[in-house]
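No value in this document is a laboratory result; all are computed from the given coordinates. As the structure is a prediction and not an experimental result, all values here were calculated from the model. All Cβ positions, even for glycine, are placed from backbone atoms using ideal geometry, and neighbour counts span all protein chains on display.
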Amino acid sequence: MAANFNPVDIKPEVRKTVNGFGSFKVALADVLTVTTVLQLATFFEYPPVIIEELGTAVSAGLLMIRYMEERGQMEPTNILTLLFALKKMRLSGIEELVKKLYEEHTGRLCSSDGQCKAQEKGDTTNIKTGAD
C-alpha cells in the first residue's frame, strides 16, 4: 500500500526529486492558454504549419512545451528564454507565475539578471536569452 505524504514535509534537498522539471511542465501547460501559446509561437518565429497545429491541438500547452524543449528554448536548468519572451510580450503576470512554478517545482531560483541558481548547491548558470 502506498504511503500518503505531502511534498512540503520532505527535506528540501529531496523535494527536487519529488517534484522536478516534469511536474513543472505539467503545471506550465495548465497556465499556457491557446492564445498565449500562439503568441509564443509567433514570437519564436515558428513555421506557420506548427502555429496552425498549436492552434488546433487539444493540449496546446503540452505541445508548445515539447516544441520549446526540442528547440532548446526550455531546459531543466534554464527557462529564461521563455521568461524573456513573456516579458517582451508584456505578459508579466504569466511571467511571474511561470517563474514561481519553476522555483517551486525544481528548487532553482530565477533572477531577473539572467541567471538561475540551484538553491541546494548554490550553482550559478549563465543564461542566454536567445532573442536579443
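Taking packing as the residue-averaged number of other Cβ atoms within 10 angstrom, the listed peptides 99-108, 51-60 run from highest to lowest as 99-108, 51-60. Computed extension length for E70-V34: 11.0 nm, one decimal, from 0.36 nm per residue of separation with the Cα-Cα distance subtracted. Assign one of three labels to region 47-87, namely rounded, prolate or oblate, based on the Cα gyration tensor with a ≥ b ≥ c the square roots of its eigenvalues; rounded applies when a/c is under 1.5, prolate when it is not and a/b is larger than b/c, and oblate otherwise. Here region 47-87 falls in the prolate category.
Here the Karplus curve 6.51 cos²θ - 1.76 cosθ + 1.60, taken at θ = phi - 60°, turns the phi angles of region 71-78 into couplings of 8, x, 8, 7, 9, x, 10, 7 Hz, with x standing for Gly and Pro. Each residue of region 42-54 is assigned a 3J(HN,Hα), and the resulting list reads 5, 4, 7, 6, 5, x, x, 5, 6, 4, 5, 4, 5 Hz, derived from the Karplus form 6.51 cos²θ - 1.76 cosθ + 1.60 (θ = phi - 60°), x at Gly and Pro.
By definition, a body whose alpha carbon gyration tensor gives a ≥ b ≥ c is rounded when a/c is under 1.5, and region 23-97 falls into this rounded group.
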